[in-house]
Amino acid sequence: MSRPPRPTRIDPRGARFTASVTAVLLLVTVALGLLGGVAPTLADRALQPAFLLLVVLAAIFVWSAAAGIARNPWSALFRRLIRPRLAPPAELEDAAPPTFAQGVGALVTLVGVVLHLSGVPYGLVAAASAAFVAAFLNGAFGYCLGCQLYLLLVRAGLVRRSPSTIRA
């Protein structure tokens, strides 16, 4: 059985909802990281709540980047519980830039995972904070840093343009 193709256009409100949920979870990760302090051993670091939450978030970012933003758990929650209660969106947006942004989020959070396991003090907090800022800007203001990076890379010819990407 084959999978249905990835959606090429998405409801931008779903992407903002996804970013909002992610921002809240990243803020919790930062708080737990600051409260948890520096663990002396690898086993202690691997069992810290902030680390475990960041691993889950990194996995969701990887999943979203690989399968498409419309297939992550927060998007599914939006589609099933929230979107039916809203009016249809005024317009749809290209899924490629937000999916690319999820890849950037995956990279940033995975760097935090590696730094934390390596024993770098507050490496997890720094990475989670950077990801939080990006998620917050998207969730609160609709400004997607990863999407802007995608468009810059398309303009520079470093990333192939999605058929539905509109040059801004």
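The values are calculated or read from the model by the stated rules, or taken from the named source; none is laboratory data. What you see is a predicted model, and the numbers here were worked out from it, not measured in a lab. Here the Cβ positions follow ideal geometry from the backbone for every residue, glycine too, while neighbour counts run over all protein chains shown.
Would you check which residues across segment 42-73 are surrounded by fewer than 18 Cβ atoms within 10 Å (Cβ to Cβ) and of a type in the set (Phe, Trp, Tyr) and list them?
Passing the criteria: only Trp63.
From (1) at pLDDT 95 or above; (2) within 16 Å of Ser129 (Cα to Cα), pick out the condition that doesn't hold for Ala59.
(2)
Matching residues to (1) without any contact (Cβ under 8 Å) to a residue 40 or more places away in the chain; (2) among the polar types (S, T, N, Q); (3) part of a helix (DSSP H, G or I); (4) closer than 22 Å to Gly146 by Cα:
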residue: Ala15; (1), (2), (3), (4): no, no, yes, yes
residue: Ala19; (1), (2), (3), (4): no, no, yes, yes
residue: Asp44; (1), (2), (3), (4): yes, no, yes, no
residue: Val55; (1), (2), (3), (4): no, no, yes, yes
residue: Ala59; (1), (2), (3), (4): yes, no, yes, yes
residue: Ala66; (1), (2), (3), (4): yes, no, yes, yes
residue: Ala87; (1), (2), (3), (4): yes, no, no, no
residue: Pro97; (1), (2), (3), (4): no, no, yes, yes
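Out of all the residues in segment 133-156, is one or more of a type in the set (Ser, Thr, Tyr), surrounded by fewer than 16 Cβ atoms within 10 Å (Cβ to Cβ) and on the phi < 0 side of the Ramachandran plot?
Looking for residues that are of a type in the set (Ser, Thr, Tyr), surrounded by fewer than 16 Cβ atoms within 10 Å (Cβ to Cβ) and on the phi < 0 side of the Ramachandran plot, one finds at least one in segment 133-156, hence yes.
For segment 13-31, what are the residues that are under 12 Å from the mean Cα position of the chain (by Cα), among the polar types (S, T, N, Q) and within 19 Å of Ala50 (Cα to Cα)?
Answer for segment 13-31, where residues must be under 12 Å from the mean Cα position of the chain (by Cα), among the polar types (S, T, N, Q) and within 19 Å of Ala50 (Cα to Cα): Ser20, Thr22.
Within the set of pairs 6+ apart or on separate chains, which have a first residue in segment 132-150 that is under 17 Å from Val24 (Cβ atoms), a second that is aromatic (Phe, Trp, Tyr) and crowded, with 16+ Cβ neighbours inside 10 Å, and C-beta atoms under 8 Å apart?
Gly139/Phe17
Would you confirm, using the coordinates I've provided, whether Phe136 is farther than 15 Å from Ile10 by Cβ, within 14 Å of the chain's Cα centre (by Cα), part of a helix (DSSP H, G or I) and of a type in the set (Phe, Trp, Tyr)?
yes
Could you check, for segment 117-132, whether at least one of its residues is more than 19 Å from Val38 (Cα to Cα) and surrounded by fewer than 23 Cβ atoms within 10 Å (Cβ to Cβ)?
Yes, some residue in segment 117-132 is more than 19 Å from Val38 (Cα to Cα) and surrounded by fewer than 23 Cβ atoms within 10 Å (Cβ to Cβ).
Name, by its number, the condition in (1) closer than 21 Å to Gln48 by Cα; (2) without any contact (Cβ under 8 Å) to a residue 12 or more places away in the chain; (3) in a helix (DSSP H, G or I) that does not hold for Val120.
Unmet condition: (3).
Looking at segment 74-85, is at least one residue crowded, with 23+ Cβ neighbours inside 10 Å, modelled with pLDDT under 95, in contact with a strand residue (DSSP E or B) (Cβ under 7 Å, 6 or more places away or on another chain) and in a helix (DSSP H, G or I)?
The answer is no; no qualifying residue exists.
So Ala39 clears everything in (1) of a type outside the set (Phe, Trp, Tyr); (2) modelled with pLDDT under 95; (3) surrounded by 13 or more Cβ atoms within 10 Å (Cβ to Cβ); (4) in a helix (DSSP H, G or I) except one condition, right? Which one?
So Ala39 meets the others, but not (4).
Would you call Gly33 within 19 Å of Phe136 (Cβ to Cβ), crowded, with 18+ Cβ neighbours inside 10 Å and touching a Leu at 6+ places or on another chain (Cβ under 8 Å)?
Yes.
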